[in-house]
1. Cβ neighbours within 10 Å, averaged per peptide: list 102-108, 18-24, 137-143 in order, most packed at the top.
2. Tell me, rounded to the nearest percent, the portion of alpha carbon pairs in the stretch 4-141 spaced more than 27 Å apart.
3. Rounded, prolate or oblate: which fits the stretch 99-187, taking a ≥ b ≥ c as square roots of the Cα gyration tensor eigenvalues, rounded meaning a/c under 1.5, else prolate when a/b beats b/c?
4. Please give the Cα centre distance for the stretch 1-30 versus the stretch 110-134, rounded to the nearest Å.
5. From the convex hull of the Cα coordinates of the stretch 33-111, what is the mean projected area in square nanometres?
6. Using only Cα atoms and rounding to the nearest 10 degrees, what angle (0 to 90) does helix 118-127 make with the longest principal axis of the chain?
7. Can you give the alpha-carbon Rg of the stretch 32-75 over 2.2 N^0.38 Å, where N counts its residues?
8. Provide the FRET efficiency to the nearest 0.05 for the residue 93-residue 176 pair, computing r from the beta carbons and using R0 = 41 Å.
């Protein structure tokens, strides 16, 4: 079984997909650690309710965030980190020592990079009259959304789709894509 950590700044919807896949024996993983940069993140409540080790790590609490993250990851034997709406850039200290995976709400390399997350991606896709969009599961490196692509899944955009509707469709697709991406990682 592979230990993974989830980094999230808010609700961590991707966490739920991985947790369910683990409980249903679809993925041979153990979510051994939840990290949030936000003390009021909903994922912390979820983690507490499920008795998952969880911590807040940010510059308000510790001087050396990377050292604290490394310590927690090593003490929990985490091989993988999944970024589930983590709104902080992950440093090379972490990406060079752990396998960091992210889910991005577009078909990279399109609509990636700094500032391209959540609703901003969907608004840009709709504004540009794209015909397809999707989800990319990728490795994380020192540059936003430039790591090796692991898995992509697309969907067709219909003329009546708004950015809000597209976001809902992508979130549903993302839950499937995250599990499929991890299946490929764990082979």
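1. 102-108, 137-143, 18-24
2. Counting pairs separated by more than 27 Å, the tail of P(r) holds 22 percent.
3. Oblate, because a/c is 1.5 or more while a/b does not exceed b/c.
4. 26 Å
5. The directionally averaged projection comes out at 6.0 nm².
6. So the helix axis and the longest Cα principal axis differ by about 10 degrees.
7. The stretch 32-75 yields a ratio of 1.12.
8. 0.80
Each reported figure results from applying straightforward, stated rules to the coordinates on display, with no laboratory input. Every value quoted in this text rests on a predicted model; they were computed, and no experiment measured them. Counting neighbours? That spans all protein chains shown, and the Cβs are built from the backbone with ideal geometry, glycine included.
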